[in-house]
1. Of everything in the range 76-109 that's over 17 Å from the mean Cα position of the chain (by Cα), among the polar types (S, T, N, Q) and closer than 15 Å to ILE124 by Cβ, which residue is surrounded by the fewest Cβ atoms within 10 Å (Cβ to Cβ)?
2. Quick one: ILE14 ticks every box in (1) out of contact with any helix residue (DSSP H, G or I) (no Cβ under 8 Å at 6 or more places or on another chain); (2) within 14 Å of ASP100 (Cα to Cα) bar one, so which box is it?
3. What are the residue pairs meeting all of these: first residue in the range 102-122, first residue within 12 Å of ILE133 (Cα to Cα), second residue modelled with pLDDT under 90 and of a type in the set (Phe, Trp, Tyr), Cβ atoms under 8 Å, and 6 or more apart or on different chains?
4. Taking the range 31-52 on its own, how many of its residues are surrounded by fewer than 18 Cβ atoms within 10 Å (Cβ to Cβ) and either closer than 25 Å to SER104 by Cα or in contact with a Leu (Cβ under 6 Å, 6 or more places away or on another chain) (or both)?
5. Identify, please: which residue in the range 221-232 is small (Gly, Ala, Ser) and either modelled with pLDDT under 95 or in a loop (DSSP other than H, G, I, E, B) (or both) and is, among those, surrounded by the most Cβ atoms within 10 Å (Cβ to Cβ)?
6. Among the residues that make up the range 153-171, is at least one of them of a type outside the set (Ser, Thr, Tyr), under 30 Å from ASN85 (Cβ atoms) and in contact with a Leu (Cβ under 8 Å, 6 or more places away or on another chain)?
7. Kindly check whether there is at least one residue in the range 319-339 that is surrounded by 16 or more Cβ atoms within 10 Å (Cβ to Cβ), more than 19 Å from the chain's Cα centre (by Cα) and in a helix (DSSP H, G or I).
8. Among the candidates THR218, THR176, which residue alone is modelled with pLDDT of 95 or more, part of a loop (DSSP other than H, G, I, E, B) and either polar (S, T, N, Q) or touching a helix residue (DSSP H, G or I) at 6+ places or on another chain (Cβ under 9 Å) (or both)?
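The values are calculated or read from the model by the stated rules, or taken from the named source; none is laboratory data. Quick caveat: nothing in here was measured; it's all calculated off a predicted structure. Cβ placement follows ideal geometry from the backbone for every residue including glycine, while neighbour counts extend to all protein chains displayed.
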Amino acid sequence: MNLDIYDKENLLVIAREEKIDFVLSDQSDFAVFTVSYLASNLQLPGNSLLAAEIYTNKISFRKLCDELSIPVPKFVEATIENLSNELLRLKLPIVVKPSDSQGSRGIHKVLCLEDVESKINDAIKFSKNKKIIAEEYFEGREVVCEGFVHNGSYENIAFGDRKYFKLNNLFIPSQTIFPSTISNSFKEEIISYEKKIAKKVNPNFGIIHSEYLINENTSEVRIVESALRGGGVYIASDIIPHSTGVDLSEVLLDSALNYPVKVNIKRNLLSQKVCAYICFYLPEGVVRQIYGLELLFQMPEIIKVDLDNIKVGTKIPKFIHKGLRYGPLLVLANSHEELENIFSRIRKSLSIEVETMCGVENIIWE
């Protein structure tokens, strides 16, 4: 059926007509609140509306972190009306983002005050509640943290390292690699924060996907955001099972069906692999030729090729958010070194020529 994910009332009518047994979503922020609404009204296993609100609204989540003394970048809640006064509390550079969006849409790094209003206006376009967060830029590498919560009890499953395209003032991931190479001390600190949040919010069950910034020179940590759903781009559904041996989708489904749930990470430690996604983007223009695609399907280390949306003649828009990336390609390796070698082979194998205003250009991997 084709219904707006925010059309909770009509979805509820259909759910009652169909007499559904469970309701869940594993990788979409947009669905989290609707899933909670449906589960609550149908008296099915699910999370409270308050838990859904905290994990989907960046402002609510930041305020909770402040309450729990969990470090976040210094931030303000802003609208066009209170913009001038609130931003005086922050030091440049700052990052502006919608309070309730996903997919890197409307997120900008701002270096000078002259650019603030235009970036705020863009961020608000992607916010349903027309509010944004402005925060001081924190220098550090990004780590993603995947866990599972059951009756408010949190168990960490894995950490991953995230890399970004080299774009001016935009934040769009190019790779996420599991497991992370950060130190155990950072992992222990982050897990302590995750447990504290889960205990306070007390979700009934769900995958928890969180993003942190760590500065290895100063040993500082900042939580950027956390979501009551699995990591997207096949992180929860494919990468975590291949990397750790833990099938989070199975655990999530068991929870939604009210079956006994046990997440036993220790039994899978011997089967850990390095698993990652890699994406690319294309310059603005029209695809002229594609070479080497068949070679990717011949590489046993590539476990998924998601490139069905690109063909000769495809019009490529300007690259402004991660929904415009191509891929991912999912890769499985025995070590981080082997993974980098596979990435190198992929880059050499695949070529996509794009006719642009400046001539013929090719894939951009970084």
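1. Across the range 76-109, the extreme among qualifying residues is ASN82.
2. ILE14 satisfies all of (1) out of contact with any helix residue (DSSP H, G or I) (no Cβ under 8 Å at 6 or more places or on another chain); (2) within 14 Å of ASP100 (Cα to Cα) except (2).
3. Listed by first residue and then by second, the contacts come to GLY106/PHE126.
4. Adding up the residues that qualify gives 3.
5. In this case the residue turns out to be GLY231.
6. yes
7. yes
8. So the residue among THR218, THR176 that is modelled with pLDDT of 95 or more, part of a loop (DSSP other than H, G, I, E, B) and either polar (S, T, N, Q) or touching a helix residue (DSSP H, G or I) at 6+ places or on another chain (Cβ under 9 Å) (or both) is THR218.
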